[in-house]
Ligand code: SME
């Protein structure tokens, strides 16, 4: 099956059916690939097309993607050297998330653990569902048209390595069904990539 076909969702499918297809197709797309950049890129695309196939409010999702803990990005090699570098972290510095693969409009690139919805979920290692972002103290407004948001941490060995972030232009865009399946997706992504 051509890769693009994995993102065709039936027009009258329920949210449960669409998420089940997302998980099934995600398992297929990540098969044989353990690089998070590649896997997250395809899964961001799957999520984007999945929400578009659902009725509103899901159809009003305007951003779907990932932020990754900064030390999980490949280290930059110093110029003029062929030596391979290893990633180093400053243990005293607070952890931060950097923008990863996504679908939607450009977004802020750096979020410290504990800041905004993403940083809160990353720090608390727990899903945060925000029915109205205007009521969430410290919400980071990358796009003024976003009105609700869900952020799910991707945990490896009990630590946040990345988060799934989905925004919607409607208030109360996300419910327990979104939480359940996105947490399942987070578990899959934790396991299928090398960290
Ligand atoms: N609203 C997020 C920032 C990321 S964007 O929504 C893509 C937050 O408060 O952390």
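The values are calculated or read from the model by the stated rules, or taken from the named source; none is laboratory data. Since the structure is predicted, the reported quantities are computational estimates derived from the model, not experimental observations. A quick note on method: Cβ atoms are made from the backbone with ideal geometry, for glycine too, and the neighbour counts reach across all protein chains shown.
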Inset, instruction - Could you check, for the stretch 168-189, whether at least one of its residues is within 26 Å of residue 16 (Cα to Cα) and in a strand (DSSP E or B)? - result: yes
Inset, instruction - Name the single residue, out of those in the stretch 145-180 being over 23 Å from residue 99 (Cβ atoms) and touching a helix residue (DSSP H, G or I) at 6+ places or on another chain (Cβ under 7 Å), that is surrounded by the most Cβ atoms within 10 Å (Cβ to Cβ). - result: 170
Inset, instruction - Could you tell me which numbered condition residue 194 fails, if it satisfies all but one of (1) without any contact (Cβ under 8 Å) to a residue 60 or more places away in the chain; (2) farther than 28 Å from residue 55 by Cβ; (3) in a loop (DSSP other than H, G, I, E, B)? - result: (1)
Legend entry - Matching strands (runs of 3 or more DSSP E) fully within the stretch 104-166 where at least 2 residues are under 16 Å from residue 40 (Cβ atoms) and more than 7 Å from the ligand (Cβ to nearest atom): 148-156
Inset, instruction - Assess whether residue 183 counts as being within 28 Å of residue 30 (Cα to Cα), within 11 Å of the ligand (Cβ to nearest atom) and either out of contact with any helix residue (DSSP H, G or I) (no Cβ under 7 Å at 6 or more places or on another chain) or modelled with pLDDT of 95 or more (or both). - result: no
Inset, instruction - Give just the number: which of (1) in contact (Cβ under 8 Å) with a residue 60 or more places away in the chain; (2) under 27 Å from residue 38 (Cα atoms); (3) crowded, with 19+ Cβ neighbours inside 10 Å does residue 184 not satisfy? - result: (3)
Inset, instruction - Keeping to the stretch 1-32, report how many residues are loosely packed, with under 14 Cβ neighbours inside 10 Å and under 27 Å from residue 161 (Cβ atoms). - result: 6
Inset, instruction - Could you tell me whether residue 141 is more than 15 Å from residue 60 (Cβ to Cβ) and free of Cβ contacts under 8 Å to residues at least 12 places away in the same chain? - result: yes
